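Asker: Before I ask anything, here is the structure I am working with.
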Amino acid sequence: MPQASSKTRILTGITTSGTPHLGNYVGAIRPAIAASRKADAESFYFLADYHALVKCDDPARVQRSTLQIAASWLACGLDPAKVYFYRQSDIPEIPELTWLLTCVTAKGLLNRAHAYKAANDANRANGEDADAGITAGLYMYPVLMAADILIFNANKVPVGRDQVQHIEMARDIGQRFNHIYAGEYFTLPEAAIEENVATLPGTDGRKMSKSYDNTIPLWLPEKELRRAILGIVTNSQAPGEAKNPDDSNLFAIYRAFASADEAVAMRHAFAEGIGWGDAKQKVFERVNAELAPLREKYDALVADPAQIEERLRAGATRARALATPLLAKLRHAVGLRALNDVAANSGQSRARAEKPALQPVVFRDGEAFAFKVLDAKKSVLAEQGGFASPREAMHEAQAAMKKLEAAI
Ligand code: TRP
């Protein structure tokens with residue numbers, strides 16, 4: 001295995017194009033931080049700001065989002081001394097690897113990416129050119145993501161279902177590089193889908209998502225959080241009517257924050273016919289109890305961007321200590337080498353480089369024909385004469401070459 005560490009490497013990126021909401025907290029931030037505390041894991045969490053540029057061309061928004069997301073993870077308890085926490089654009093090895101990978105990536109593979117195909121389909125449905133308004137950035141998104149993952153030889157990549165294809169592509173691309181350059185340069189990553197992490201419903205009952213405009217921002221001040229929770233859509237059952245918790249987005253949100261006992265008590269209250277207004281107040285209190293102390297930390301962190309900047313840079317320095325030597329090896333493997341580096345056969349590209357190019361030569365030798373087998377330096381490795389025809393000599397030369405190759 002190319003990696004020295006025996007710990008499982010867990011890596012995930014967060015695109016810095018928005019503000020975190022309760023769904024991100026429950027579905028990604030909280031479980032990831034819990035996983036990072038396990039002793040058998042080595043975690044890599046990074047701010048995917050190069051990916052943000054694919055979606056967002058508002059520079060102020062990219063910067064603001066990077067600050068907010070970094071502050072969110074730190075406020076929620078991510079310990080930057082225990083994990084690798086960095087910003088993608090602080091690791092120049094990532095875009096450099098992106099190019100090396102681009103050159104082994106089949107264009108057809110990228111044609112099949114869901115996000116690109118969906119954009120194509122939408123254009124066609126509108127009667128436009130299939131590629132109208134689609135940037136090469138969107139097209140290359142999966143290769144950049146493969147570089148994020150492969151540069152640190154990650155084993156597991158926790159992602160949502162919509163990202164699974166990207167992890168499969170990272171495997172394909174890594175495998176292809178390993179094959180072409182005949183070495184185990186990259187660990188092949190696997191997607192880790194958290195089955196038991198519920199997707200949080202939004203205020204309208206559909207999955208909480210920016211694209212549905214039904215989110216509750218994670219760091220709303222208390223009063224606004226309360227107002228947002230009071231705005232969650234419920235059915236029209238009156239107080240006193242028994243309510244079904246399994247059919248209620250309000251209950252689903254409560255459960256994501258409650259202990260098992262609290263959830264049982266709330267089920268009971270539903271059966272007893274708690275009014276929606278009272279239920280919402282309880283949900284607000286429970287959510288706020290968890291978030292209030294974190295919110296205080298978040299506010300302090302956001303007010304001190306210099307401190308966050310420093311932590312991210314320190315994280316990048318640690319991460320680059322891993323990325324730089326791997327990239328050096330990869331550059332060598334593909335032939336980006338110092339010109340006075342004559343040890344062309346050294347390093348990992350063994351299988352290819354060490355195989356000397358053998359060459360058969362057939363020539364007339366008096367009345368008969370003969371062959372020689374030469375290596376790359378024109379040394380004679382085999383020679384034999386006495387053949388009746390050049391064809392026969394060539395045939396024997398090739399047999400001799402096969403034997404020599406097998407012996408090397
Ligand atoms: N594409 C991911 C998303 O939209 C973000 C991301 C970028 C990522 N690079 C990554 C996730 C590497 C996991 C690993 O959610």
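The values are calculated or read from the model by the stated rules, or taken from the named source; none is laboratory data. These numbers were taken from a predicted model, which means no experiment stands behind them. All Cβ positions, even for glycine, are placed from backbone atoms using ideal geometry, and neighbour counts span all protein chains on display. Accessible surface areas use protein heavy atoms only, side chains included; no ligands, DNA or RNA. Shrake-Rupley method; radii C 1.70, N 1.55, O 1.52, S 1.80 Å.
Asker: Would you please list the contacts, defined by Cβ atoms under 7 Å and residues six or more apart or on different chains, that run from a residue in the range 135-154 that is of a type outside the set (Asp, Glu) to a residue that is open to solvent by 30 Å² or more (accessible area, probe 1.4 Å) and assigned to a loop (DSSP other than H, G, I, E, B)?
Answerer: Asn153/Pro2
Asker: Looking at (1) over 13 Å from the mean Cα position of the chain (by Cα); (2) open to solvent by less than 20 Å² (accessible area, probe 1.4 Å), can you tell me which one Arg64 breaks?
Answerer: With (1) over 13 Å from the mean Cα position of the chain (by Cα); (2) open to solvent by less than 20 Å² (accessible area, probe 1.4 Å) applied to Arg64, the lone miss is (2).
Asker: Same structure, new question: Quick one: how many residues across the range 5-23 are of a type outside the set (A, V, I, L, M, F, W, C) and more than 10 Å from the ligand (Cβ to nearest atom)?
Answerer: 10
Asker: Within the range 121-140, take every residue that is under 15 Å from Asp57 (Cα atoms) and open to solvent by less than 40 Å² (accessible area, probe 1.4 Å) and give me the one that is nearest to the ligand (Cβ to nearest atom).
Answerer: That would be Gly137.
Asker: Of the residues Asp58, Asp79, only one is in contact (Cβ under 8 Å) with a residue 40 or more places away in the chain, among the charged types (D, E, K, R) and open to solvent by 20 Å² or more (accessible area, probe 1.4 Å); which?
Answerer: Asp79
Asker: List, please: which pairs have Cβ atoms under 9 Å, are six or more places apart or on different chains, and start with a residue in the range 97-116 that is farther than 22 Å from Val164 by Cβ and open to solvent by less than 30 Å² (accessible area, probe 1.4 Å) and end with one that is modelled with pLDDT of 95 or more and assigned to a loop (DSSP other than H, G, I, E, B)?
Answerer: Leu100/Leu336
Asker: Of the residues in the range 33-55, how many are more than 14 Å from the chain's Cα centre (by Cα) and touching a residue at least 24 places away in the same chain (Cβ under 8 Å)?
Answerer: Result for the range 33-55: 10.
Asker: Next question. Six or more apart or on different chains, Cβ under 8 Å: which pairs go from a residue in the range 6-18 that's in the same structural domain as Tyr50 (by TED's automatic domain parsing) to one that's near the ligand (Cβ under 6 Å from one of its atoms) and in a loop (DSSP other than H, G, I, E, B)? Could you list them?
Answerer: Thr12/Val159
Asker: Residue by residue through the range 153-206, note down the ones that are touching a strand residue (DSSP E or B) at 6+ places or on another chain (Cβ under 7 Å) and away from the ligand (no atom under 14 Å from the Cβ).
Answerer: Pro201, the sole residue that qualifies.
Asker: Confirm whether Lys403 is open to solvent by 80 Å² or more (accessible area, probe 1.4 Å) and without any contact (Cβ under 8 Å) to a residue 40 or more places away in the chain.
Answerer: yes
Asker: Take the residues of the range 29-55 that are open to solvent by 20 Å² or more (accessible area, probe 1.4 Å) and not in a helix (DSSP H, G or I): which is farthest from the ligand (Cβ to nearest atom)?
Answerer: Ala39
Yes/no matrix, rows are residues, columns are (1) open to solvent by 30 Å² or more (accessible area, probe 1.4 Å); (2) outside any helix (DSSP H, G or I); (3) not assigned by TED's automatic domain parsing to the domain that holds Val334:
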{"position": "Pro142", "(1), (2), (3)": "no, no, no"}
{"position": "Glu194", "(1), (2), (3)": "yes, yes, no"}
{"position": "Asn235", "(1), (2), (3)": "yes, yes, yes"}
{"position": "Pro239", "(1), (2), (3)": "yes, yes, yes"}
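Asker: A further question on this structure: Taking strands (runs of 3 or more DSSP E) that fall entirely within the range 354-402, which contain at least 2 residues that are out of contact with any His (no Cβ under 8 Å at 6 or more places or on another chain) and of a type in the set (D, E, K, R)?
Answerer: Counting at least 2 such residues, we get 359-365.
Asker: Here is a list of conditions, (1) modelled with pLDDT of 95 or more; (2) within 13 Å of the ligand (Cβ to nearest atom), and Asp58 meets all of them except one; can you say which number that is?
Answerer: (2)
Asker: Residues that are part of a loop (DSSP other than H, G, I, E, B) and crowded, with 20+ Cβ neighbours inside 10 Å: does the range 161-180 have at least one?
Answerer: No, because not a single residue in the range 161-180 is part of a loop (DSSP other than H, G, I, E, B) and crowded, with 20+ Cβ neighbours inside 10 Å.
Asker: For Ala147, indicate whether it is within 16 Å of the ligand (Cβ to nearest atom), part of a loop (DSSP other than H, G, I, E, B) and over 17 Å from Val287 (Cα atoms).
Answerer: no
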